[in-house]
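In what follows, a single structure is set out as structure tokens and then discussed.
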Amino acid sequence: MQNVMNRRWLLTSYPEGMPAPANWIMDTQPVPDPGAGQILVKAKWLSVDPYMRGRMSPATNYTKGVAIGEVMQGGGVGEVVVSYHPAWKVGDVAESMSYGWQEWSVLMPDITFLQRQERLANWSAKSPNWRAVVRSQLREATTSSNGAAKSGLMPRSTTRRPPISRRL
């Protein structure tokens, strides 16, 4: 995309203890153009998950970590803006764990995207009342036969939610 900049967060140092803003720097680069079979996605949501802590370390882990100077790894959800893939059209919503902490991402959709959408559609069609089924299973798992809470879990109706301390 011409004259559009991609804001992205690069890891500048490995955190010692709790991660801090000083461990990253915001960088801008021109938005990359997708190639054949790829899609360009504009971020709506980026993930910040516990597994990322392991990625911010030079230590060997179950998967490759983020090197100094690389875009912070993470999942994202966004809207397809350009598509050169036959199964994806402009306006589709795409989710990927390959997104990274950046505003724009070029993704190579694979069959797992489509399979996941198909499975969800099939499962929802077979179980139109799936939310009620999940609630009932949760209720059974969290209460004993006399209705008392077990395993330290409480039924949803009596659970108190913590107050929201800040909005992001």
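A simple charge model with +1 on the Cβ of Lys and Arg, -1 on the Cβ of Asp and Glu and nothing else charged puts the dipole of the range 41-103 at about 120 debye relative to its Cα centre.
Using DSSP to define loop residues, name the chymotrypsin sites (Phe, Trp or Tyr not before Pro) in the range 1-105 whose beta-carbon has at most 12 other beta-carbon atoms within 10 Å.
Numbers: sites: 9, 24, 45, 51, 62, 84, 88, 99, 101, 104; in loops: 51, 62, 84, 88, 99, 101.
Qualifying residues, ordered by number: 62.
Report the GluC sites (Glu not before Pro) located in the range 29-95 that are in a DSSP loop and have at most 16 other Cβ atoms inside 10 Å of their Cβ, or state none. Don't skip to the end; give the middle numbers.
Details: sites: 70, 79, 95; in loops: 70.
Answer by residue number: 70.
With a cut-off of 14 Å, note down the residues of the range 74-100 whose backbone N falls inside the zone around a label point 7 Å from the Cα of residue 36 toward its beta carbon. Zone members listed by number: 84-86.
Just so you know, all these numbers are worked out from the coordinates, no wet-lab data involved. Here the structure is a predicted model, which means the values were calculated and not measured. Methodologically, a virtual Cβ is constructed for each residue, glycine included, from the backbone with ideal geometry; neighbour enumeration extends over all protein chains shown.
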